Amino acid sequence: MDKMKSICLIGFMGSGKTTLGKALADELSVNFFDTDEEIVKWRNMDIPGIFESEGEKNFREYESEVFKRLPVNDAVIATGGGIIESRNNREWLKQHLMTVYLKTSFKEIQRRLSFEQNRPLWNQEMNEKKRLYESRQRLYEECANQIIHTDEKTIEELLRSVQNSINFSKQG
Ligand code: S3P
């Protein structure tokens, strides 16, 4: 069978990358990877622990390193919301992966993460979170082969949208 470029899901915290990624990998019968999970396994520490004891800068280095080790073919990859902060990661997304941006409104993210405890960057003042969200939009868009809006969509609808875009890109 022909090789497929790995599908990489990007988007802000709470946009559904992990949930959709797992379902998509199942549907396509390929392996699923999650950069956060890979970091936790490698460093043997949870994400808040890494932020607290080593700081965001080290976290970003671990994130870039695990990201580049993941397969560029025949897999689905869910990334942490900040993967696009690094120029080098953005180039990797554009060159090697089929990148799908799960675009979610700030209001919807607030709703989904209202009880969130495990994401250090969500645990700050509202205007800081909003600023982070806004500053990242153009970076997600810059890397995306496909943009899918997730507000008010079921997982089945999102699955269908991603599959349509894969089929379309195969024809192109
Ligand atoms: C982060 C998002 C998180 C995780 C870390 C930092 C970010 O992943 O990588 O807390 O910078 O947006 P999710 O997008 O899966 O929540």
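The values are calculated or read from the model by the stated rules, or taken from the named source; none is laboratory data. Bear in mind the structure is a predicted one, so any value in this text is a computation, not a measurement. Neighbour counts are summed over all protein chains in view; Cβ atoms, including those assigned to glycine, are modelled from backbone coordinates with ideal geometry. Remember, those area values only see protein heavy atoms, side chains included, never the ligands or the DNA or RNA. Shrake-Rupley method; radii C 1.70, N 1.55, O 1.52, S 1.80 Å.
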Ignoring ligands, DNA and RNA, what percent of the accessible area of the chain is carbon or sulfur (1.4 Å)? 45
Please list, or write none, the aspartates and glutamates whose alpha carbon is within less than 14 Å of the alpha carbon of LYS3, excluding same-chain residues fewer than 8 places away. ASP74
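More than 20 angstrom separation, counting every C-alpha pair in the range 7-166; what % is that?
48
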At GLU37 and LYS130, where each label point lies 7 Å from the Cα along Cα→Cβ, what is the point-to-point distance in nanometres? 3.5
If you line up the long axis of helix 47-69 against the longest principal axis of the chain, both from Cα atoms, how many degrees apart are they, to the nearest 10? 20
Residue by residue through the range 152-158, the couplings from Karplus 6.51 cos²θ - 1.76 cosθ + 1.60 with θ = phi - 60°, in Hz, x for Gly and Pro, are 6, 9, 7, 4, 5, 5, 5
Averaging sequence separations of C-alpha pairs under 8 Å and six or more residues apart, then dividing by the length of the chain, give the relative contact order as a whole percent. 33
Nearby lysines by direct alpha-carbon distance to LYS130 (threshold 23 angstrom, same-chain neighbours under 8 apart not counted): LYS17, LYS57, LYS103, LYS107, LYS153
For the chain, find the longest principal axis of its Cα atoms and tell me its angle to the long axis of helix 87-96, 0 to 90°, nearest 10. 20
Just to be sure I understand: if I project the alpha-carbon convex hull of the range 58-106 onto a plane and average over all orientations, what area do I get in nm²? 3.8
Please build a GNM for the chain, connecting alpha carbons under 10 Å apart, and tell me which residue among ASN89, ASN123, ASN31 fluctuates the most. ASN123
FRET efficiency, 1/(1 + (r/R0)^6) with R0 22 Å, evaluated for ARG87 and ASN164 via beta carbons: 0.15
Give me the 1.4 Å probe accessible area per residue for the chain, excluding ligands and nucleic acids, in Å². 56
Taking the Cα centre of the chain as the origin and placing charges on Cβ (Lys, Arg +1; Asp, Glu -1), which of LEU20, GLN124, THR150 is farthest toward the positive end of the dipole? THR150
Mind checking the dipole of the chain: about its Cα centre, +1 per Lys or Arg Cβ, -1 per Asp or Glu Cβ, Debye to the nearest 20? 420
